[in-house]
1. Among the residues that make up the stretch 133-147, is at least one of them farther than 28 Å from Q270 by Cβ, more than 15 Å from the ligand (Cβ to nearest atom) and in a helix (DSSP H, G or I)?
2. Select from the stretch 213-240 the residues that are surrounded by 23 or more Cβ atoms within 10 Å (Cβ to Cβ), over 30 Å from G323 (Cβ atoms) and more than 9 Å from the ligand (Cβ to nearest atom) and list them in ascending order.
3. Please tell me if I129 is on the phi < 0 side of the Ramachandran plot, under 20 Å from the mean Cα position of the chain (by Cα) and within 16 Å of the ligand (Cβ to nearest atom).
4. With E141, E101, E113, E181 as the choices, which residue is out of contact with any strand residue (DSSP E or B) (no Cβ under 9 Å at 6 or more places or on another chain) and not β-branched (V, I, T)?
5. Select, from V176, V122, the only residue that is within 13 Å of the ligand (Cβ to nearest atom), over 24 Å from G88 (Cβ atoms) and aliphatic (A, V, I, L, M).
6. Looking at the stretch 353-367, can you tell me whether even one residue there is basic (K, R) and part of a loop (DSSP other than H, G, I, E, B)?
7. Any chance the stretch 185-205 includes a residue that's within 22 Å of F118 (Cβ to Cβ), within 11 Å of the ligand (Cβ to nearest atom), surrounded by fewer than 20 Cβ atoms within 10 Å (Cβ to Cβ) and not small (G, A, S)?
8. Among the residues of the stretch 190-239, how many are more than 17 Å from the chain's Cα centre (by Cα) and acidic (D, E)?
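The values are calculated or read from the model by the stated rules, or taken from the named source; none is laboratory data. Given the structure is predicted, the values throughout are model-derived calculations rather than measurements. Virtual Cβ from ideal backbone geometry, glycine too; neighbours counted across all protein chains shown.
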Amino acid sequence: MHKRKINRLLVANRGEIAIRIFRAATELGIRTIAIYSEQDNVSIHRFKADESYLVGAGKGPIEAYLDIDSIIEIAKRNDVDAIHPGYGFLAENAEFARRCEQEGIIFIGPSPELIEAFGDKVEARRMAINAGIPVIPGTPEPIETMQDALLFAKEHGYPIIIKGVSGGGGRGMRIVRSQDELQEALDRARSEARSSFGNAKVYLERYLEKPKHIEVQILGDSHGNIVHLYERDCSVQRRHQKVVEVAPSLALDDELREAICQAALKLMRQAGYSNAGTVEFLLTPDRQFYFIEVNPRIQVEHTITELITGIDIVQAQIRIAEGHALSDPEIGIPSQEAVQMSGYAIQCRVTTEDPENNFLPDAGRLLAWRSGGGFGVRLDGGNGYPGAIITPYYDSLLVKISTYATTFDQAARKMLRTLREFRIRGVKTNLPFLENVVTHPDFLSGQYDTSFIDTKPELFI
Ligand code: ADP
């Protein structure tokens, strides 16, 4: 594949991830282009880019960022070489990736074929099985009838988890603990999957009790070279959504770490994966790990991997999309051994969710915004400043705090200090809840799994 320099980059996204990508591009001498919806008229991300253009005029706040025709039109009118989709919105839309390709615009991500394959969780499981990596017992196809479900339950027992084939963001999953619950759960999961993902197909997996969520960051180039950037522990979840992430995981010894990272590499190498991606696993208390899915895009929690490896993943994505090999000086990863990790990093997602009101997202004008900071603290945000209006239209993320230190304990102390330095008035936030998480003895000793939040009422006080 020959190289093509990116001079003008459009980010088809908003908020903190748009700003994160603009920063990476600016450091590479690339001119940055924002798009913004009518509702985002005064959002900071548009002012952090060199140029910005209104997208999807007359459309809804979300629809504007999903308006493929308008985005392509803006890109073509403004000589854009490449589009970075961020996460969410069009990041896992194969049709969008394909349109970019057809229009001669570089899509910064894997091929449309791989986006499609990994977007179908049943297909992803099939790929994992073919690559010889362990998967959770599950149905090999989407299930059609109650009979299929009963058959699976008979063979594997309860509990079972029902998942949408096109699911994401922790939505549309249902845990079934006995046969009496099965029919209703199935109906609900189907209708939820249809309304959330436009695809009512569901499949079944054995539900694992008290696993840890461990995921491996991968970088592959378009020449067949691929490396891992070690793992993140994302077990602190609420309703299957990540809240606090840690890298590296306290739960892995060198041998288990190597086994999981090698399994991730095996799958992605076999898939011919290029660009950044994440392979997600569940790890059971008896130290067995199982594949769950691949996220073929940059993830919210990529920051903590950057902190422990020193590798700018977004810049690597851009260089890979230009056709560079991992070993080129522009990326500088000639071998797996060149990826070294040191220290510990923790990320907290500060949101406008109100812990006292069932984590309902709050909206309104920020009356006060004083930010934490200092040595070992990285902030990825953009929406927060005194007077900013937080609209109810988009996800509730205000700022991501990532701390880094030589030991996990120090990283946790930095996090607590930073959380306490923040003053946000005018909207409710989850700051007090996050403080409770990062001071909890089970968190500090690494003794937590995906049930941590749900089983600790003391976190909500
Ligand atoms: P999504 O794509 O919606 O994020 P995932 O398949 O990645 O869904 O799963 C999200 C979370 O749901 C996992 O981190 C885990 O906490 C839980 N989960 C998913 N599958 C299982 C399972 N088979 N057993 C136990 N927990 C599961």
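1. Yes, the stretch 133-147 contains a residue that is farther than 28 Å from Q270 by Cβ, more than 15 Å from the ligand (Cβ to nearest atom) and in a helix (DSSP H, G or I).
2. Once the filter is applied, which keeps residues that are surrounded by 23 or more Cβ atoms within 10 Å (Cβ to Cβ), over 30 Å from G323 (Cβ atoms) and more than 9 Å from the ligand (Cβ to nearest atom), the stretch 213-240 yields I214, D233, V236.
3. Against the criterion (on the phi < 0 side of the Ramachandran plot, under 20 Å from the mean Cα position of the chain (by Cα) and within 16 Å of the ligand (Cβ to nearest atom)), I129 does not qualify.
4. Step by step, each of E141, E101, E113, E181 is checked, and only E113 is out of contact with any strand residue (DSSP E or B) (no Cβ under 9 Å at 6 or more places or on another chain) and not β-branched (V, I, T).
5. One residue alone meets the criteria, V176.
6. no
7. yes
8. Selection size over the stretch 190-239: 4.
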